[in-house]
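Just below is one structure, and these are the notes that go with it.
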Amino acid sequence: MKIRTFLVEDNKTILDNLVTTLEELAPVETIGTADSEDDGAAWLNSHKEQWDLAIVDLFLKRGSGLGILEACKTRARPQKLVVFSNYATKEMRLKCAQLGVDAVFDKSTEIDALVNYCAAQGRKLARPTEVH
């Protein structure tokens, strides 16, 4: 089962590489992307039933990933929200935890951990198929 994933990242090279990596190594289907706080929060909140996982960078072209995390605090229980950032300090991890984030990954050292997380979520989020 593919995890319907929305990515918020303002660096096109990083975004393209992340999409390719996740779709090759984990059961991820990228259903959309945004490069700003407003666009990311708006899409996630207007498509509440259409995503399983959101991966959010903290520093964006316009706004902050923290605003997106705040906007997603009322997401459905099975939906997962993770941060993928170069600014994954101890303090930022604590702030993200306070905002209800499920996991935080450092872009420079934890890509394998993000892939493993996505693979594990694919197993957990497998939706049963209809039987006719």
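Bear in mind that the values in this text are calculations on the coordinates, not laboratory data. What you see is a predicted model, and the numbers here were worked out from it, not measured in a lab. Counting neighbours? That spans all protein chains shown, and the Cβs are built from the backbone with ideal geometry, glycine included.
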**OP:** Evaluate E = 1/(1 + (r/R0)^6) for ALA76 and GLU24, where r is the Cβ-Cβ distance and R0 equals 30 Å; express this FRET efficiency to the nearest 0.05.
**Re:** 0.65
Original post:
If you build the Cα gyration tensor of the stretch 3-124 and take the root of 5 times each eigenvalue, what three semi-axes come out, in whole angstrom, biggest first?
Top reply: 18, 17, 15
Original post:
Any idea what angle helix 12-25 forms with the longest principal axis of the chain, computed on alpha-carbon atoms, 0 to 90 degrees, nearest 10?
Top reply: 30
Original post:
Relative to the first principal axis of the alpha-carbon coordinates of the chain, what is the inclination of helix 111-124, with its axis defined by its Cα atoms, in degrees from 0 to 90 and to the nearest 10?
Top reply: 30
**OP:** Report relative contact order for the chain in percent, whole number only (criteria: Cα-Cα under 8 Å, sequence separation at least 6).
**Re:** 28
**OP:** Give a residue-ordered list of calculated ³J(HN,Hα) values for the stretch 86-97 (Karplus: 6.51 cos²θ - 1.76 cosθ + 1.60, θ = phi - 60°; whole Hz; x for Gly, Pro).
**Re:** 7, 10, 8, 6, 4, 5, 5, 4, 5, 4, 4, 4
Original post:
Tell me, what are the semi-axes, in whole angstrom and largest first, of the equivalent ellipsoid of the stretch 27-98 as set by the roots of 5 times the Cα gyration tensor eigenvalues?
Top reply: 19, 14, 12
Subject >> Loop-located trypsin sites (Lys or Arg not before Pro) in the stretch 37-132, at most 10 other Cβ atoms within 10 Å (DSSP) >> reply: LYS73
Original post:
Given R₀ = 22 Å, FRET efficiency for ILE14-LYS95 by Cβ-Cβ distance, to 0.05?
Top reply: 0.50
**OP:** Quick one: angle between helix 37-46 and the longest Cα principal axis of the chain, in degrees between 0 and 90, rounded to 10, please.
**Re:** 20
Original post:
Calculated from DSSP H runs of 4 or more alone, at -39500 (n - 2.57) each and per residue, what is the 222 nm mean residue ellipticity of the chain, nearest 500?
Top reply: -12500 deg cm²/dmol
